[in-house]
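Structure first, commentary second.
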Amino acid sequence: MRNKKLNRILTMTLSATLMIGLFSSNINMVHASLSADKVSIELEIGNDNEKNNLISYKADSEGNISGPEDFTMENNDIYILDSTDNKVIKSTNNQVSNIINLHKKAIKIASNNNNLYTLNNDFSITKYDELGNDSTIELDKNIVDEAIVDFQAIDNYLYITTTEGNSGKTYKINLDADNEGIYKSSESFEGRIFDKNTIYRNELIPEEGNSIGHSCEMTIQDIQTGSEFSILLTSKHWVMGAQYLGIDEKGNYRIKLIEMETKKDYTTEVEETIRTINPNGQLVGIKAEVKQKKSIPNQTKVFENEMYGINNLEKSVQIAKVTSPNESSLEQFKSKLDNDTEILDENQDSELLIENTATTAVSTISRSTIMSSAKTYHTSFAWTCSSSNLAAMTSWIKPRYVGSAGSYSCMPYCWGGFASRNQFITAMNNSGRVGNINCPYTGYVSNTYGLDCSGFVSRAWGLTTKYSTRSITDVTTNINTSALQQGDALNLSGKHIVLFEKLDSSGNYVLYEATQMNSYDRVAHTIRSATSLSTYTPIKYNYVY
């Protein structure tokens, strides 16, 4: 039993509350309730082969989809980050008013006092003012080792939330850089920032044999007074996390809940729903998020106590004002997770594939050793690049984060690469080429060094042979998503594989991966929404303990 003092506990038992009228609904009714959301702006998705598109989707060789990546709002202005063309589309009074071409690759955006701030993939921060001027300042290195899940600008402060700890950690950063030109944290909080006065923490409650369970506890805290209350969220489905979306005009709590079930093919069915809960803990409204072409973390945000969502649809992208679901939605809602014909029996054992284990597999390895090994290819790995490492060569394209000769960190992405740290350093001293993102058109190119996605996982697992995303099944076992532990992986055969660290308690995977996503082109510590990896298969190395 947990000895935790709570000012208030609100309990919502979904399996009981939703029984009334649940199975009489249909999918069209769900769409009808969503159509009540008011669209602030809608942009047509263009063909990525055409020039002068305002916005488009584009898939890379790993299956990552670039396009609308993040959004922010201030007064009558809406900003949409387009990761395909590395630009921000600004809308004023629901009309496109400006296109801001970014100088650095941005992964998140925020706005404050008519200034746009971008968090870049090298973890610098660039400020773009309304006159078109821009300036870039480095972020404190103590922050950038962690995966970043949220980025906000509120009243002349930046708030950056990382995945540290069980519920994340938020750094409050003064927008005036120090004398060394670095943004440093003036204060930090355990949990995720909601607004300047409120922070919240989620605790996923695991069940025996699993890393998650059917409930989580959300604690909401007033930053100034320290007072807090907690909401216990329970479900008949596996709970991957939750996000606090504030309180509506009736005093009801607005919460996004992320649930999942493992399917019979070991992929994952994920459902994201927005719920209205009254002060007595009763569920009074529920609706599912719109199906997304491109799912991102923080799909729903709150500005001036109004919920807004970015809908990355097949033919358009929308910024829509999200209405709180009311009581009538309870009769309309039908969860897609209740489709028993597709869901794996929880009592079914994992699919064993050990009989095909290759003879090159090493002896057993601990999960802590796997994670320690993975991290040695991240920011702690420092190396020097010379002009000879960048000399032109047939079928070779350097990673985008590498500019000119100089000092760098992180192991570069290299298609087909399986270089250890020592092998890479030796190669750089002997005119080897830095990485290679010319893929998958040529296969591995001789004299290029680094790691691709499966090479990185193979190294982290201590393997002496490089396995591909197809052959890695020779040394792995499929597992339920609920049983994922650090050092396991999620694999999309023929495309991409990522190393699992943990869930961030807000419905996102925290990962290490060698990836081209967001032009990282290196080993990166990343965040991906559970929905975006729903077609991946969770696997564990057969010799992990």
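The values are calculated or read from the model by the stated rules, or taken from the named source; none is laboratory data. Model, not experiment: these values are computed from the prediction. Here the Cβ is made from the backbone with ideal geometry for all residues, glycine too, and neighbour counts use every protein chain on show.
Laid out as a table, the results:
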{"read-out": "Residue that is modelled with the lowest pLDDT [pool: residues in the range 172-210 that are of a type in the set (Ser, Thr, Tyr) and either under 22 Å from residue 255 (Cβ atoms) or in contact with an Asp or Glu (Cβ under 8 Å, 6 or more places away or on another chain) (or both)]", "value": "183"}
{"read-out": "Number of the condition not met by residue 131 [criteria: (1) buried (at least 18 other Cβ atoms within 10 Å of the Cβ); (2) farther than 24 Å from residue 197 by Cβ]", "value": "(1)"}
{"read-out": "Matching residues, the range 381-428, being over 26 Å from residue 463 (Cβ atoms), β-branched (Val, Ile, Thr) and over 29 Å from the mean Cα position of the chain (by Cα)", "value": "384, 394"}
{"read-out": "In the range 64-79, the residues that are touching a strand residue (DSSP E or B) at 6+ places or on another chain (Cβ under 6 Å) and either in the same structural domain as residue 296 (by TED's automatic domain parsing) or at pLDDT below 95 (or both)", "value": "76"}
{"read-out": "Residue tally, condition assigned to a strand (DSSP E or B) and over 15 Å from residue 248 (Cβ atoms), over the range 295-308", "value": "1"}
{"read-out": "Residue list for the range 517-545, restricted to those being under 12 Å from the mean Cα position of the chain (by Cα) and either of a type in the set (D, E, K, R) or not in a strand (DSSP E or B) (or both)", "value": "517, 518, 528, 530, 531, 532, 533"}
{"read-out": "Single condition residue 227 does not satisfy, out of (1) in contact with a strand residue (DSSP E or B) (Cβ under 6 Å, 6 or more places away or on another chain); (2) farther than 20 Å from residue 301 by Cβ", "value": "(1)"}
{"read-out": "Single residue of the range 165-206 satisfying the filter (assigned to a strand (DSSP E or B) and among the acidic types (Asp, Glu)) that is farthest from residue 81 (Cα to Cα)", "value": "203"}
{"read-out": "Among residues of the range 230-273, those that are under 23 Å from the mean Cα position of the chain (by Cα) and either more than 20 Å from residue 335 (Cα to Cα) or not assigned by TED's automatic domain parsing to the domain that holds residue 220 (or both), counted", "value": "3"}
{"read-out": "Contacts under 9 angstrom Cβ, first residue in the range 304-317 being of a type in the set (D, E, K, R), partner assigned to a strand (DSSP E or B) and exposed (fewer than 12 other Cβ atoms within 10 Å of the Cβ), 6 or more apart", "value": "315/44"}
{"read-out": "Listing of strands (runs of 3 or more DSSP E) fully contained in the range 116-164 that carry 3 or more residues being aliphatic (A, V, I, L, M)", "value": "148-154"}
{"read-out": "In the range 440-454, residue farthest from the chain's Cα centre (by Cα) [restricted to those that are surrounded by 21 or more Cβ atoms within 10 Å (Cβ to Cβ) and outside any strand (DSSP E or B)]", "value": "450"}
{"read-out": "In the range 429-439, residue nearest to the chain's Cα centre (by Cα) [restricted to those that are at pLDDT 95 or above and of a type in the set (S, T, N, Q)]", "value": "436"}
{"read-out": "Candidate set: the range 421-436, residues that are in contact with a strand residue (DSSP E or B) (Cβ under 6 Å, 6 or more places away or on another chain) and in a loop (DSSP other than H, G, I, E, B); chosen: the one surrounded by the most Cβ atoms within 10 Å (Cβ to Cβ)", "value": "435"}
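Let's see how each residue does on (1) modelled with pLDDT under 95; (2) part of a loop (DSSP other than H, G, I, E, B); (3) in contact with a Ser or Thr (Cβ under 9 Å, 6 or more places away or on another chain); (4) buried (at least 21 other Cβ atoms within 10 Å of the Cβ):
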position: 281; (1), (2), (3), (4): yes, yes, yes, no
position: 287; (1), (2), (3), (4): no, no, yes, yes
position: 310; (1), (2), (3), (4): no, no, yes, yes
position: 317; (1), (2), (3), (4): no, no, no, yes
position: 321; (1), (2), (3), (4): no, no, yes, no
position: 326; (1), (2), (3), (4): yes, yes, yes, no
position: 341; (1), (2), (3), (4): yes, yes, no, no
position: 345; (1), (2), (3), (4): yes, yes, no, no
